[in-house]
Amino acid sequence: MESKNKLVRQYIGFLDTPALFEESENFELFSFSGKNNEDFNKLELKPIPENLVLGKRVEMFFQEAINNSKNHSILAANIQIIENKITLGELDFIIEDTLSNEFLHVELVYKFYVYDPEIDGELQRWIGPNRRDTLLFKISKLKHKQLPLLQHKITQDYLKELNLSIKEYTQQVCFLGKLYVPVNMYGNQFPEINNDCIVGFWLTLDSFFERHREDDVYCLPKKENWLIHPEDNDAWFSFEDSVILAEKSLQNKKSLLCWKKTSKITYEQFFIVWW
């Protein structure tokens, strides 16, 4: 089971992640903002399996945050909707707002995107580090598949079985993200998204070599640790050792996250991309 110290650092990183959109309504998606408006200082985290993937880890942290919330409570989570042995989808969370007496269907999204200025269209430029995912694809999936699932007749039958057959649900999306822009554009402002989500940059292996300075040390965190703030990391490695690991990953066409600590005790985080 995972050590509590590492889990706490992951949980803090999760709580500190801003919503990807500043406005309350984006692309006809209403943002769930309860996570950022309440006191989540209770860190009595239960141990979880060390090999638990990042997506499931984030879901557990979200539940922990809501359980420590003063104004929200989870009524159901991860409701799989199955018809004739075919899985139609899943409802992430059914939540009660105890202040307003509202019932919410909340979909949770936590993404890492890089910005490729070579792609046409501003929003189209936010893509996954391995170019297999895009921001607009996720938004389309939310609008046309995940959120409409609530109204499906089979879903309503599931809710009845859970004693949650409530006529009116407010649908919201908790869309959290960390964004990385080209190294030469780091510090610029970008339209359409919350610029507080920009936490670093991306570069190629050649640029990684060029930016290295004597006494810089590095960490290439496992994916489950991508939530952690670089300054909370306690294991650092040499440039030479990091290059060996980076080259192996890039040869397999897998971009990797890297943290850097300088001799002046400043920190950077960036993706080294294979493309």
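Here is how the numbers come out for the structure above:
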| quantity | calculated |
| --- | --- |
| Selected residue (criterion: modelled with the lowest pLDDT) from residues of region 165-193 that are touching a Leu at 6+ places or on another chain (Cβ under 8 Å) and of a type in the set (Ser, Thr, Tyr) | 165 |
| Residue in region 3-17 that is modelled with pLDDT under 75 and either among the hydrophobic types (A, V, I, L, M, F, W, C) or under 13 Å from the mean Cα position of the chain (by Cα) (or both) present | no |
| Flag if residue 168 is in contact with a helix residue (DSSP H, G or I) (Cβ under 8 Å, 6 or more places away or on another chain), closer than 30 Å to residue 95 by Cα, in contact (Cβ under 8 Å) with a residue 40 or more places away in the chain and not aliphatic (A, V, I, L, M) | no |
| Residue check for residue 91: at pLDDT 95 or above and in contact with a Phe, Trp or Tyr (Cβ under 7 Å, 6 or more places away or on another chain) | no |
| Every residue from region 182-207 that is touching a helix residue (DSSP H, G or I) at 6+ places or on another chain (Cβ under 7 Å) and either surrounded by fewer than 14 Cβ atoms within 10 Å (Cβ to Cβ) or assigned to a helix (DSSP H, G or I) (or both) | 183, 189, 205, 207 |
| Test: residue in region 188-198 that is more than 30 Å from residue 72 (Cβ to Cβ) and either in contact with a strand residue (DSSP E or B) (Cβ under 6 Å, 6 or more places away or on another chain) or assigned by TED's automatic domain parsing to the domain that holds residue 142 (or both) | no |
| Failed item in (1) part of a helix (DSSP H, G or I); (2) modelled with pLDDT under 95, with residue 47 passing the rest | (1) |
| Enumeration of residues in region 255-274 that are out of contact with any Lys or Arg (no Cβ under 6 Å at 6 or more places or on another chain) and more than 20 Å from residue 199 (Cβ to Cβ) | 263 |
| Test: residue in region 218-231 that is in a loop (DSSP other than H, G, I, E, B), more than 22 Å from the chain's Cα centre (by Cα) and at pLDDT 95 or above | no |
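The values are calculated or read from the model by the stated rules, or taken from the named source; none is laboratory data. Being a predicted model, the structure only gives us computed values, none of them experimental. Positions of Cβ are generated from backbone atoms using ideal geometry, with glycine treated the same way; all protein chains shown enter the neighbour counts.
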